[in-house]
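Take a look at the structure set out below.
The values are calculated or read from the model by the stated rules, or taken from the named source; none is laboratory data. This structure is a prediction, so every number in the text was calculated from the model and none was measured. Here Cβ is always computed from backbone atoms with ideal geometry, including for glycine, and neighbour counts include all displayed protein chains. To get the accessible areas, we keep the full protein, side chains included, count just its heavy atoms, and leave off ligands, DNA and RNA. Shrake-Rupley method; radii C 1.70, N 1.55, O 1.52, S 1.80 Å.
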Amino acid sequence: MRLGEIVTAGILALFSIYLMVESAKLDVGYISGEGPGGGAWPFWLSAIMLVCTGFIAFNWYRKTSPPSRSEDPVLDEFGVKNLILVGGGLLGFIALIDVISMYGAMALFLIYYVRFLGRHSWWLTLALAIGLPIAFFFFFEGLMRITMPKGLDFTEPFYNVLYDIIY
């Protein structure tokens, strides 16, 4: 566990720096009359993630967290199984974005994750799978004015209804 903690923190730190560099190619500040620049959200979220990896490394060095004191393996059989199930679901989510849109892929991933992996009720599953994508649609498309991938043409009528609500 100890080695896994610092390796993961290091990988996340490098990924944070990469995302900060790439997002800094766009404006990361506030643009008067328009809102946050195109790189603002990814840059500042990556900066927060980088700071968090610093805290993880500090706690690892001082051995103040339970993983930093543990000599157990990073993943046991249960952990490997869950990694494959969740990772496979995420790969499916990514593959479906260009087909059924970001929001449709999000809804299907939530059904898979909440109902089949989490074994929660259908009521909770459908509430999250319908409510969260719609909330994210209004946040990104309406508030942030950031267009997410809409998938193939058959998804367009659904988005036209939501755009009518925004505008």
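Miscellaneous remarks
- Simple point charges give the picture: +1 on the Cβ of Lys and Arg, -1 on the Cβ of Asp and Glu, and for segment 77-166 a dipole about the Cα centre of about 320 debye.
- Nearest-ten-degree value, helix 122-137 long axis tilted from longest Cα axis of the chain: 70
- Acute angle (nearest 10 degrees) that the helix 77-110 long axis makes with the longest principal axis of the chain, alpha-carbon atoms: 20
- Residue (of Leu91, Thr53, His120) at the positive-pole extreme of the chain, dipole from beta-carbon charges: Thr53
- The C-alpha atoms of the chain define a longest principal axis, and helix 156-166 lies at about 90 degrees to it.
- Neighbour net charge for Pro67 - beta-carbon separation under 12 angstrom, K R +1, D E -1: 0
- Sparsely packed trypsin sites (Lys or Arg not before Pro) within segment 19-113, loop by DSSP, other Cβ within 10 Å at most 15: Lys25, Lys63
- Distance between the modelled labels on Ile166 and Cys52, one decimal in nanometres: 2.7 nm (7 Å Cα→Cβ projection).
- Extension gain (nm, one decimal) between Leu132 and Asp27, 0.36 nm per residue minus Cα-Cα: 35.0 nm
- Helix-only arithmetic for the chain: the sum of -39500 (n - 2.57) across DSSP H runs with n ≥ 4, divided by the residue total, places the mean residue ellipticity at 222 nm at -22500 deg cm²/dmol.
- Those GluC sites (Glu not before Pro) in segment 1-106 that DSSP places in a loop and that have at most 15 other beta carbons within 10 Å: Glu34, Glu71
- Over all pairs of different C-alpha atoms in segment 77-166, the reciprocal of the mean inverse distance, the Kirkwood hydrodynamic radius, equals 14.0 Å.
- Over the chain, relative contact order from alpha-carbon pairs under 8 Å, at least 6 apart, %: 18
- Per residue solvent-accessible surface (Å²) - segment 77-166, probe of 1.4 Å: 65
- Val80/Ile146 FRET efficiency (R0 35 Å; Cβ-Cβ; nearest 0.05): 0.45
- Among Ile6, Tyr163, Tyr18 the positive-end extreme of the charge dipole of the chain (Cβ point charges): Ile6
- Pair-distance distribution P(r) for segment 1-115, from all Cα-Cα distances in 10 Å bins starting at 0: 13, 23, 35, 23, 5, 0 percent.
- Count Lys and Arg as plus one, Asp and Glu as minus one, and take only other residues whose Cβ is under 10 Å from that of Glu34; the net charge is then 0.
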